[in-house]
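Undergrad: Can you keep this structure in mind? I'll have questions shortly.
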Amino acid sequence: MSKFPIDLGAYQRINLDPKNPTLTDAQRASLKANIQLCRDAIVYFTANGAARGVGGHTGGPYDTVPEVMIMDALFHSSNDFVPIFFDEAGHRVATQYLMSTLNGDLPAERLIEYRAAHSHLPGHPELDFTPGVKFSSGRLGHMWPYVNGVAIANPAKTVFCLGSDGSQQEGNDAEAARLAVAQGLNVKLIIDDNNVTIAGHPSEYLKGCSTAKTLAGQGVTVLEGDGEDLDDLYKRIITAINTPGPVAVINHRPMCPGIVGLEGSTHGHDVVSVKVALEYLESHGQQAAADALREVKAPKNDAVFLGSSDKWDANRNVFGDACVEVLGRLSEAERVAKVRVVDSDLEGSCGLFKIHKAFPEVFISSGIMERGNFSAAAGFGMEAGKQGIFGTFSAFLEMLMSEITMARLNKSNVLSHFSHSGIDDMADNTCHFGLNNMFADNGLSDGYETKLYFPADPLQMKACVEKVFFDPGLRFIFSTRSKVPTILDSNGNEFFGGDYKFVPGKDEVIREGTAGYIVSFGEALYRALDAVERLKKQGVDVGLINKPTLNVIDEDMLAKIGKSPKVLVVESFNRKTGLGSRMGTWLLERGYTPKYNYIATHKEGCGGLWEQFPHQGIDPAGIMASFLKG
């Protein structure tokens, strides 16, 4: 503990009797001291994530400290519990790391490496990756069904599952509630109901919805109260423990209570800013922590990529700009009649906020319920001439397979933007990697039109949206969390600038070569281009092909690369399911037999930002080595 600027050794071990619903004065004082200590620590080490540029969700773990302190005391006092802090709000990972430290599994000084590359402290908890972490939470709202199984396996014990009003919006929680009630499972939900998600306040965008009423309607016993009233909170938790079957302890509080500048704000959902953290720490007597935070420096990627300009932009936002430009050519009446945008609480991450701001009349702010929202967009686009627009993270595409099939069977027109594809800038790590995007092409060969697009830079993103916006069928456009540079031609001009027109289904020669071709797309393209330029300087005349339409075979281009000596596919998708796993088959089916290899994401992530690419061996150095190896 000595190298951590907050004295976590001051944490007080107390015993709480699960049969006694009343705190003694000594227990109350110890709990209050623990709560303040842990909240200070969470603000400090998550702010390290802000200072390092890796982000990191302060509000959720900060909010739930009181209930976690009570749970920890109960775990240490009785064997009647499964002693795991199961949490279906996976971004509350700071809770898991703090408790791992307090329980002696993780050195305190490690906490300041929160979400950094190779720290083994990613943005969501991962089992067998971080010392002391006892489960993998995956994506938001996925743990309660799993915890039901844990309860079935431990019928004599109480199992807790921390949740939130956001995670409860996911539809699988409704299924979990029905099973828990029907089987009388001894699951106790501890739900932080702070009326805040990423893009807004549930009471405003889901009017009429109540977490408490929903759970009660499913037969769950509900105990509501003020999460900051320690005595009432403790009493309700003890009551839940001693009530047979599933019980939801719902704790109302503002987001980030007591943090000036964040309390009640949607900004509290993500990481506290360094400025706000410094003010908080100093006002709470944690000067050493504030001083240490001031010294944190963000790592910088100094790499220079040959073949690209020094202009970088976020394609995920360019998608929104491009849509606004297209929609701006329509009258308001035409927009309302023809287009509807359905958001899933990620408008700021997917660029949809641009549409929301420009044309609110076609925008629907909705909750964290991707399946229903995609289907709503598809239903709107069922009629010819109408377009549903949908957006979320690429990692969540895996949740939509059945809904995509139904949209295809119903001949729907949907333009979907899945941002955060691949692995770049993904400190959330493995569970948030967008790896299996090719799953969206899950129809039959004679099925309804489906196209997968992954533009390489902002200019191509704009051209792609412009071209396919009103195309019929299902269109999936992918982008990354990270910014990407503008691709240049061999003369130093913008490759996708000037008179460039995007042609669906056509691959593009970025560089010619006689030694073989690298095939790539998206954010891997500029890295592959850098590798190509460096190989050419070494006398290896390799070419580069951009494949922006991922699931359509360009026969002319396939023949071109198939007759070359060597083909290497470079991508950040899953090596098992990505483009590389298909292209080799396409070549063989046509009798082409170049030396063939493909490199892609193939192992668990390392956290951090750009560091994910070299970790997977798909950075320029890895690309060069793979091509030369043959």
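The values are calculated or read from the model by the stated rules, or taken from the named source; none is laboratory data. Note that this is a predicted model, so its numbers are computed, not measured. Cβ coordinates were reconstructed from backbone atoms using ideal geometry, including for glycine residues, and neighbour counts include every protein chain displayed. Heads up: the accessible areas ignore ligands, DNA and RNA and are worked out on the full protein's heavy atoms, side chains in. Shrake-Rupley method; radii C 1.70, N 1.55, O 1.52, S 1.80 Å.
Undergrad: I'd like to know if region 429-442 contains one or more residues that are open to solvent by 10 Å² or more (accessible area, probe 1.4 Å), at pLDDT below 95 and assigned to a loop (DSSP other than H, G, I, E, B).
TA: yes
Undergrad: Still on this structure: For region 75-102: of the residues being hydrophobic (A, V, I, L, M, F, W, C) and in contact with a strand residue (DSSP E or B) (Cβ under 6 Å, 6 or more places away or on another chain), which is nearest to Glu113 (Cα to Cα)?
TA: Ala89
Undergrad: Return the residues of region 237-266 that are assigned to a loop (DSSP other than H, G, I, E, B) and farther than 21 Å from Ala289 by Cβ; say none if nothing qualifies.
TA: The answer is Asn242, Thr243, Pro244, Gly245, Pro246, Arg253, Pro254, Met255, Gly264, Ser265.
Undergrad: Looking at Lys576, Lys595, Lys603 in this structure, which one is charged (D, E, K, R), open to solvent by 20 Å² or more (accessible area, probe 1.4 Å), within 30 Å of Gly56 (Cβ to Cβ) and touching a strand residue (DSSP E or B) at 6+ places or on another chain (Cβ under 9 Å)?
TA: Answer to the check: Lys576.
Undergrad: Here are some conditions: (1) more than 24 Å from the chain's Cα centre (by Cα); (2) part of a loop (DSSP other than H, G, I, E, B). Asn195 meets all but one. Which one does it not meet?
TA: That leaves (1) as the condition not met.
Undergrad: To continue, here is another question. Quick one: is Ser445 free of Cβ contacts under 8 Å to residues at least 24 places away in the same chain and either basic (Lys, Arg) or more than 23 Å from Ser520 (Cα to Cα) (or both)?
TA: So Ser445 passes the test.
Undergrad: Please go through (1) over 23 Å from the mean Cα position of the chain (by Cα); (2) farther than 26 Å from Ala288 by Cα; (3) open to solvent by 10 Å² or more (accessible area, probe 1.4 Å); (4) in contact (Cβ under 8 Å) with a residue 60 or more places away in the chain for Leu102 and return the number of the only condition it doesn't satisfy.
TA: Tallying (1) over 23 Å from the mean Cα position of the chain (by Cα); (2) farther than 26 Å from Ala288 by Cα; (3) open to solvent by 10 Å² or more (accessible area, probe 1.4 Å); (4) in contact (Cβ under 8 Å) with a residue 60 or more places away in the chain, Leu102 fails exactly one: (2).
Undergrad: Do we have any residue at all in region 349-357 that's buried (at least 23 other Cβ atoms within 10 Å of the Cβ), among the basic types (Lys, Arg) and under 22 Å from Pro485 (Cβ atoms)?
TA: no
Undergrad: Then there's this: Scan (1) among the aliphatic types (A, V, I, L, M); (2) surrounded by fewer than 19 Cβ atoms within 10 Å (Cβ to Cβ); (3) in contact (Cβ under 8 Å) with a residue 60 or more places away in the chain for the single condition Ala26 breaks and write down its number.
TA: Status for Ala26: all satisfied but (3).
Undergrad: Hey, can you tell me all the residues within region 166-186 that are assigned to a helix (DSSP H, G or I), open to solvent by less than 10 Å² (accessible area, probe 1.4 Å) and in contact (Cβ under 8 Å) with a residue 60 or more places away in the chain?
TA: Passing the criteria: Ser167, Asp173, Ala177, Ala180.
Undergrad: Can you tell me which of (1) open to solvent by 40 Å² or more (accessible area, probe 1.4 Å); (2) more than 23 Å from Val274 (Cα to Cα); (3) touching a Pro at 6+ places or on another chain (Cβ under 9 Å) is the one Leu31 doesn't meet?
TA: Leu31 satisfies every listed condition except (1).
Undergrad: Within region 517-573, track down each residue that is surrounded by fewer than 21 Cβ atoms within 10 Å (Cβ to Cβ), among the basic types (Lys, Arg) and closer than 19 Å to Tyr592 by Cβ.
TA: Lys560, Lys563, Lys566
Undergrad: Go through (1) crowded, with 18+ Cβ neighbours inside 10 Å; (2) among the polar types (S, T, N, Q); (3) assigned to a helix (DSSP H, G or I) one by one and return the number of the condition Ser203 breaks.
TA: (1)
Undergrad: Quick one: which helices (runs of 4 or more DSSP H) lie wholly within region 323-410 and hold at least 2 residues that are farther than 30 Å from Gly605 by Cα?
TA: 332-338, 352-358, 370-380, 401-409
Undergrad: Then there's this: Kindly indicate which of Ala51, Ala73, Ala116, Ala94 is within 20 Å of Ala292 (Cβ to Cβ), open to solvent by less than 10 Å² (accessible area, probe 1.4 Å) and in contact (Cβ under 8 Å) with a residue 40 or more places away in the chain.
TA: Going through Ala51, Ala73, Ala116, Ala94 in turn, just one is within 20 Å of Ala292 (Cβ to Cβ), open to solvent by less than 10 Å² (accessible area, probe 1.4 Å) and in contact (Cβ under 8 Å) with a residue 40 or more places away in the chain: Ala94.
Undergrad: Here is a follow-up. With the structure loaded, tell me whether Gly141 is part of a loop (DSSP other than H, G, I, E, B), in contact with a Ser or Thr (Cβ under 7 Å, 6 or more places away or on another chain) and free of Cβ contacts under 8 Å to residues at least 40 places away in the same chain or whether it fails that test.
TA: Criteria not met by Gly141.
Undergrad: For region 596-612, check the following and say yes or no: at least one residue is in a helix (DSSP H, G or I) and either under 22 Å from the mean Cα position of the chain (by Cα) or under 23 Å from Val54 (Cβ atoms) (or both).
TA: Yes, that holds for at least one residue.
Table: residues versus (1) touching a Cys at 6+ places or on another chain (Cβ under 9 Å); (2) part of a helix (DSSP H, G or I); (3) farther than 15 Å from Gly505 by Cα.
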| position | (1), (2), (3) |
| --- | --- |
| Met426 | no, no, yes |
| Leu452 | no, no, no |
| Ala456 | no, no, no |
| Gln460 | no, yes, no |
| Ala463 | no, yes, no |
| Lys467 | no, yes, no |
| Asp471 | no, no, no |
| Ile477 | yes, no, no |
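Undergrad: Considering only residues that are of a type in the set (Lys, Arg) and either at positive phi or outside any loop (DSSP other than H, G, I, E, B) (or both), which ones fall in region 267-317?
TA: Matches in region 267-317: Lys275, Arg294, Lys311, Arg316.
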